[in-house]
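Just below is one structure, and these are the notes that go with it.
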Amino acid sequence: MLYLMITVIKSSFLQHKLSILRNKKTSNTVFRQTMNEASYLIAADVLKHLQFKKITIETPLIKTNGLKIAQPIILVPILRAGLGLLEGFSKFLPDSEKGHIGLYRDEQTYEPVEYLFKLPKPKNKKVIILDPMLATGNSSIAAINLIKNKGVTNKDIFLVSLLAAPEGVKNIQKHQKGIHIFTCSIDTKLNKNKFIVPGLGDAGDRYMGT
């Protein structure tokens, strides 16, 4: 039986950055800069969980053994807020391909509405979905389903967030077994408007300055 895997990234410095993001007094400029900085810290932890294969390399002095990432990587931010996690992953994985998923939340039903889906050929590749706010989990589930429809299995998908709500985690547990979730914090709950509490507000609006 497949179970949902959750890794809560433990780092005091990352929590320091997260505290800046949570603060309502943080300006849009500082929010954007801090989110970009946090993306490096998150990426460094997530990428430890990739599969690697042994290779032989030649230094200026001698042949020796090394490691190489076993699968090509596709980075898929969920627009808009997912762009805030893209920088760190892109810099660490300069050869990675990029996809994009555009979803917005219907404010009446709280269900995701798709407006964009672009994905490189995913055969035998690892897909890393970047979705900073795992609230209800509906957007993440929709994104995962779009990618699975292209032939990718759950074991080849990582879902990366800044914050998660227990309700969203349970929702993904129900519908997407075998997915590995990475987050910096599992917060307390969702409020009546389906925002994460204590959360940090609307990550997309604050990142884009809208």
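Some points to look at:
- Each Cα pair under 8 Å and six or more residues apart adds its sequence gap; the mean of these over the residue count of segment 126-199 is a relative contact order of 36 percent.
- Residue order, fewest to most beta carbons within 10 Å, for Phe158, Phe92: Phe92, Phe158
- Between Lys148, Lys25, Lys189, the GNM of the chain built on Cα springs shorter than 10 angstrom shows Lys25 fluctuating the most.
- Within the listed set Pro60, Pro72, Pro132, the residue fluctuating most in the Gaussian network model of the chain (springs between alpha-carbon atoms under 10 angstrom) is Pro60.
- For segment 96-105, 3J(HN,Hα) per residue [Karplus equation, 6.51 cos²θ - 1.76 cosθ + 1.60, θ = phi - 60°, Hz, x = Gly/Pro]: 5, 8, 10, x, 9, 10, x, 9, 10, 8
- The order of Lys192, Lys98, Lys53, going from fewest to most other C-beta atoms within 10 Å of their C-beta, is Lys192, Lys53, Lys98.
- In loop segments of segment 1-69 as defined by DSSP, the chymotrypsin sites (Phe, Trp or Tyr not before Pro) with at most 13 further C-beta atoms inside 10 Å of their C-beta are Tyr3.
- Legend: residue pairs Lys121/Lys192; Lys54/Lys91; Lys25/Lys125; Lys17/Lys150; Lys121/Lys177, Cα-Cα distance threshold 30 Å; pairs beyond threshold, Lys121/Lys192; Lys25/Lys125; Lys17/Lys150.
- The Cβ shell under 9 Å around Leu75 holds other residues with a net charge of 0, Lys and Arg each +1, Asp and Glu each -1.
- Spherically averaged projected area in nm², based on the convex hull that wraps the Cα atoms of the chain: 13.2 nm²
- Note: relative contact order over the chain, using C-alpha pairs below 8 Å and six or more positions apart, is 24 percent.
- Ascending count of other beta-carbon atoms within 10 Å, so fewest first, for Ser90, Ser19, Ser96: Ser19, Ser90, Ser96
Bear in mind that the values in this text are calculations on the coordinates, not laboratory data. Quick caveat, the model's predicted, so the values are computed rather than measured. Quick reminder, even Gly has a Cβ in these numbers, built from the backbone with ideal geometry, and neighbours come from all protein chains shown.
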